[in-house]
1. Only counting other Cβ atoms within 10 Å, I'd like 374, 169, 36 sorted with the fewest neighbours first.
2. Relative to the longest principal axis of the chain, what angle (0 to 90°, nearest 10) does the C-alpha long axis of helix 63-72 take?
3. Hey, what number do you get for the chain at 222 nm if only DSSP H runs of n ≥ 4 count, each worth -39500 (n - 2.57), divided across all residues, to the nearest 500?
4. Assuming R0 = 45 Å, can you tell me the calculated FRET efficiency for the pair residue 230 and residue 23, based on Cβ-Cβ distance, to the nearest 0.05?
5. At a 10 angstrom cut-off on C-beta neighbours, averaged per residue, how do the peptides 264-276, 8-20 rank from highest to lowest?
6. What three numbers, in Å, describe the spread of the alpha carbons of segment 263-319 along their principal axes, ordered from the longest?
7. Which ordering of 178, 236 is given by a fewest-first count of other beta-carbon atoms within 10 Å?
8. Report the Cα centroid-to-centroid distance between segment 1-55 and segment 249-265 in angstrom, as an integer.
Ligand SMILES: Cc1cc2nc3c(=O)[nH]c(=O)nc-3n(C[C@H](O)[C@H](O)[C@H](O)COP(=O)(O)OP(=O)(O)OC[C@H]3O[C@@H](n4cnc5c(N)ncnc54)[C@H](O)[C@@H]3O)c2cc1C
């Protein structure tokens, strides 16, 4: 059978792409290797508990997210107003992250000397010519302490990554662009009134899986348990997609699968693509925990490496979404491992869970025994846009020139946030529709 487009991978990116292609009249087939759709999005519902075992929320900071919500008519669940309160763990205490300039000057998170460095930032040294790590970028602008108590925890919260290895240009392109334009980030902030991306933090009634479930119902024709093995080009200039459930002919292919799978599928067509195997995906464990109520309030906390806890941080689920946890309990999603503490993920699942509970109790000594506990281990979690990532983009550019009918929009290209995945899916569908055949 011939299709206009075959979408490979049924996570949020593939589902969004297939949904819009179908909506705009393209004959589309989505092929998914596993027996379920949603990819990384995994909502756990058990009795009165609702936990996210993968991504927790969407930072809805682009139009494509709001368009998708409107097109699908899914019911948004906003995070509670207390979610503005976020904390960093220091010296056995949770210290609020300053949100206002005067709070910054009062915070005990960094010393006076580091605070005064902020003024020096207006005269920051120019960036090096070569790709720079997030850590060096932060050191150059704000100094070592700022890096340790703000930037590294933030990097492990977003990428489960290591600031020393991630590239500022590829992992945080907005910051990099601001430096290119203004030099100083403080100047950029004064001109643009913000440095961090704006947007609303949302989920859906029934969790993030509600979005992928509706998408699955409304998207194109699909095949589960259908791992794609390779792609060949035919003499007619079309593509043949070879999979465990048969082979299909198509004019266009959209790949949304992780880097190792993309390399495997395309290596016969374009051997240099094997460079994608160099992309690091650190392990990440998410412990879903509930305890008799002690009264936590806010979004959650992050842990600087220096503080020596064996967790990266936690989200206060019962404060963020009060209806997802029994009223007399406090629920948490606790994150472990990542690029900076990967060895913890070599422990057994029971031991990881025990570590999560034990370390959380160091933060909240009044916590009793868990009433609910579950662990999800991601052996390969979030792709790391490391220093030197330009080499990956260069290879992808060369591939694109040779095979214009094959789009690669996985989360290792152009951003891994859910909002970016949705945007890439929508834009790619629109591009293919505008292109015609
Ligand atoms: C633990 C965790 C927490 C996160 N937290 C957040 C968060 O809070 N907010 C946020 O914005 N982002 C978060 N992220 C990132 C975000 O969830 C992902 O980047 C996003 O879900 C990726 O979606 P995707 O569709 O591109 O890929 P995936 O979700 O990886 O989907 C790819 C799909 O392709 C399928 N597949 C693989 N190989 C093949 C093959 N050969 N043939 C056919 N199908 C194949 C897979 O089975 C899978 O279903 C988190 C990620 C993780 C892992």
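Values in this text are rule-based calculations from the coordinates and carry no lab data. The model shown is predicted, which means the values in this text are computed figures rather than measured ones. FYI the Cβ positions are ideal-geometry reconstructions off the backbone, even for glycines, and counts take in every protein chain you see.
1. Taking fewest neighbouring Cβ atoms as first place, the list is 36, 374, 169.
2. The helix 63-72 is inclined about 70 degrees to the chain.
3. -9500 deg cm²/dmol
4. Efficiency, from the Cβ-Cβ distance: 0.95.
5. 8-20, 264-276
6. Per principal axis, max minus min of the Cα coordinates gives 57, 26, 16 Å.
7. The fewest-first ordering by Cβ neighbours comes to 236, 178.
8. Rounded to whole Å, the Cα centres lie 15 Å apart.
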